[in-house]
Amino acid sequence: MTSTRKGIERRLWNKALALSAVMLLSACTNLRGTGDLGVVIERASGRVQVIEHSTHSRLATVDGLGDLSHASVVYSRDGRFAYVFGRDGGLSKVDLLRGRLVKRVLQAGNSIGGAVSQDGRLLAVSNYEPGGVRVFDAATLAPVADIPALDGRGNASKVVGLVDAPGNRFVFSLYDAGEIWIADLSIPAAPRLTKYTDVGRQPYDALITPDGRYYVAGLFGEDGMALVDLWHPERGVRRVLDDYGRGEQKLPVYKMPHLEGWAIAGEYAFVPAVGQHAVLVIDRREWRQIARIPVHGQPVFVMGRPDGRQVWVNFAHPHNDTLQVIDVDTLQIAKTLRPGKAVLHMEFTPRGEALWVSVRDEDRVDVYDTRSFERLAALPAAKPSGIFFTARAHRIGL
């Protein structure tokens, strides 16, 4: 081989290496993580905004998600994919990094929420119509299992309060039947069911504590709550907080409070009083009320900052233009804010330095500093409701 040919080949090789380096550098500059991403539901438009909470910015919008009037969202294990549960029974998989809809299936006639299994492989969806729970492969959205919600006489029931629990289990309540079920999906195609009957009339919503131990269902048809200790499911259902509810006065309830938004701070839970202008403080060791904090209106979400020092509260109509902040140390109102008409949802950034707030009737999402209470940003959004950050991927029950 001549020296001239060797020189040409060397130059070509060097050019190829340089081009590869440029391509690699370009790819690296386009790579990013998902830890500071999330979505905002635009309920009237059937779409979501993909947002970044580090810079308070919108990255993309994704259309074609159907009826999002009561939508909720969970995330894949790596935080890349958002699973959106629509009111029309739609289950949509959204790629946050590419800002596009990957797949959408109509799995029922009317659904209200879902959950991801502990190992991230399964999605469970709770349904009003035709009732029951349907389970899907999280990667492909292919059906895996169908769990009809039938009472002892074969009557179908709406399913509410679906959460994930440790051990690849899902826990949910049957609204019409007054039951709580645990579905163990260790073998996905053959769920093992544990059923608790006669837990109370019309369980309307539920939560699981952040450690995954207690499942608590609120009752619409009577006062009190039903609690299952998932460490000891053999102990059955325990009735707690027997005076929690509308009481003998049967107060008007403009919007039922969401139990998922309970604030857990140390040994205490802060819960919205049903139909009353109050937040109740519950001792979680004994599940009894120890304090009552007067607030601006009927609470809907009562949410704790991640460090447990503050609790933020929003309210039902006609007081839904207001937010109040409770100082957990003193159990006093520390701040009252009025972002605007129809404050529907709130979401803390993972470490709690900021709170994102949807202001539906003013087509806006606000971002507040949780120390100074200063508004940091305002983003346009068409009738926004739920706000969901990818940090939920690593929390039980969210």
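The values are calculated or read from the model by the stated rules, or taken from the named source; none is laboratory data. If you're wondering where the values come from, they're calculated on a predicted model, not measured in any experiment. Glycine gets a Cβ as well: all are built from the backbone with ideal geometry, and neighbour counts include every protein chain shown.
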### Task
Among the numbered conditions (1) assigned to a loop (DSSP other than H, G, I, E, B); (2) closer than 15 Å to L227 by Cα, tell me where V163 comes up short.
(1)
### Message
Looking at R305, R288, can you tell me which residue is more than 22 Å from the chain's Cα centre (by Cα) and either in contact (Cβ under 8 Å) with a residue 40 or more places away in the chain or under 14 Å from G266 (Cα atoms) (or both)?
### Response
R288
### Task
Hey, can you tell me all the residues within segment 140-179 that are closer than 21 Å to V73 by Cβ and among the β-branched types (V, I, T)?
T140, V144, V159, V160, V163, V171
### Task
Please go through segment 226-238 and pick out each residue that is touching a residue at least 60 places away in the same chain (Cβ under 8 Å) and either within 13 Å of P203 (Cα to Cα) or not in a loop (DSSP other than H, G, I, E, B) (or both).
L227
### Message
Checking the condition touching a residue at least 60 places away in the same chain (Cβ under 8 Å) and surrounded by 19 or more Cβ atoms within 10 Å (Cβ to Cβ), which residue from V116, V125, V133 passes?
### Response
V116
### Message
I need the full set of residues from segment 355-378 which are buried (at least 18 other Cβ atoms within 10 Å of the Cβ), in contact (Cβ under 8 Å) with a residue 60 or more places away in the chain and in a strand (DSSP E or B), in order please.
### Response
W356, S358, V365, V367
### Query
Considering segment 71-96 alone, what residues qualify as being under 23 Å from A378 (Cα atoms) and outside any strand (DSSP E or B)?
A71, L96
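This table checks each residue for (1) modelled with pLDDT under 95; (2) within 23 Å of V281 (Cβ to Cβ); (3) among the aromatic types (F, W, Y).
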| position | (1), (2), (3) |
| --- | --- |
| K335 | no, yes, no |
| A342 | no, no, no |
| A354 | no, no, no |
| R360 | no, no, no |
| D363 | no, no, no |
| T370 | no, yes, no |
| L376 | no, no, no |
| A381 | no, no, no |
| F388 | no, no, yes |
### Message
Condition first: closer than 17 Å to A377 by Cα and either modelled with pLDDT of 95 or more or not in a loop (DSSP other than H, G, I, E, B) (or both). Can you find one or more residues in segment 284-306 that meet it?
### Response
no
### Task
Report, by residue number, each residue of segment 192-216 that is closer than 13 Å to L230 by Cα and either in contact with a helix residue (DSSP H, G or I) (Cβ under 8 Å, 6 or more places away or on another chain) or part of a loop (DSSP other than H, G, I, E, B) (or both).
T194, L207, T209, P210, D211, G212, R213, V216
#### Entry: Residue pairs meeting the criteria (Cβ under 8 Å; at least 6 apart or on separate chains; first under 23 Å from D307 (Cβ atoms), in segment 201-224; second acidic (D, E) and not in a loop (DSSP other than H, G, I, E, B))
L207/E260; I208/D164; R213/D229; Y214/D229
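Quick grid of which residues meet (1) at pLDDT below 95; (2) assigned to a helix (DSSP H, G or I); (3) surrounded by 14 or more Cβ atoms within 10 Å (Cβ to Cβ); (4) touching a Cys at 6+ places or on another chain (Cβ under 8 Å):
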| site | (1), (2), (3), (4) |
| --- | --- |
| G7 | yes, yes, no, no |
| N14 | yes, yes, no, no |
| A44 | yes, no, yes, no |
| V50 | no, no, yes, no |
| L65 | no, no, yes, no |
| S69 | yes, no, yes, no |
### Task
Select from segment 179-191 the residues that are touching a residue at least 40 places away in the same chain (Cβ under 8 Å) and either within 18 Å of L398 (Cβ to Cβ) or in a loop (DSSP other than H, G, I, E, B) (or both) and list them in ascending order.
L185, P188, A189, A190, P191
### Summary
Only unsatisfied item for I208, checking (1) within 21 Å of L398 (Cα to Cα); (2) at pLDDT below 95; (3) surrounded by fewer than 16 Cβ atoms within 10 Å (Cβ to Cβ), is (3)
### Summary
Flagged in segment 97-112 as in a loop (DSSP other than H, G, I, E, B), surrounded by fewer than 17 Cβ atoms within 10 Å (Cβ to Cβ) and touching a Phe, Trp or Tyr at 6+ places or on another chain (Cβ under 8 Å), in numbering order, are G109
### Query
What are the pairs, 6+ residues apart or on separate chains, where a residue within segment 54-81 that is free of Cβ contacts under 8 Å to residues at least 12 places away in the same chain and on the phi < 0 side of the Ramachandran plot has its Cβ under 9 Å from a residue that is among the acidic types (D, E) and surrounded by 15 or more Cβ atoms within 10 Å (Cβ to Cβ)?
T55/D36
